[in-house]
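Report on the structure given below.
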Amino acid sequence: MWHSTKRDVGGDEGSAPAAGPSLKARALRLLARRDYTRAELAQRLAPHAPGSAALDALLDECEARGWLDEQRAAESHLRRRAGQWGAARVQAELRARGVSDDTLQAASDALRATEAERALAVWQRRFGAPPADAAERARQMRFLAARGFASDVVRRVVPAATGEAAAADEEAD
């Protein structure tokens, strides 16, 4: 079996390996796929940067040209995740992405305004029918709570168990 070596293709054994794409090309390739926050992009590019000064200069240039926008990255993340997750979960993800406190507060306000509707939509997609008993109701409530929805919203969204509702009706008579 034939194996290629550097000598076979005419390369020097002491020569430096071919350089990969430039730092700017890497940044543009990443930004073409989705919006990143400054912290996320810096983390992705740091292993390829010759130094922190070069990385900061590139990030400043990307922001100046409008390629890198934290607000746009946060809004994009909200659009992707808000339909499936509660405000607490989405906020934690944005915080982990390095979103500033001002942007995080604006996102939080937007999420809380629609949390009940989003929780109801998630509950209907997953379950769609009232729980048969208290154990099933607890399971449904845990599901929504694990998705990051607030406990008061979860209590309002998940209907009372059918057996509990019948018992309450009998007591009222």
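Between F127 and E93, full extension at 0.36 nm per residue minus the direct alpha carbon distance yields a gain of 9.7 nm. Shape analysis of the range 70-113 yields a ratio of the Cα radius of gyration to the Kirkwood radius, Rg/Rh, of 0.89. 3J(HN,Hα) along the range 38-50, derived from phi through the Karplus expression 6.51 cos²θ - 1.76 cosθ + 1.60 where θ = phi - 60°, amounts to 4, 5, 5, 5, 4, 5, 5, 8, 3, x, 9, 7, x Hz, with x in place of Gly and Pro.
Classify the range 40-121: rounded, prolate or oblate, from the alpha-carbon gyration tensor (a ≥ b ≥ c, eigenvalue square roots; a/c under 1.5 rounded; otherwise prolate if a/b is larger than b/c)? Prolate, since a/c reaches 1.5 and a/b exceeds b/c.
Read-outs: derived from the displayed coordinates by stated rules, not from any lab. For clarity, every value in this text was computed on a predicted model and none was experimentally measured.
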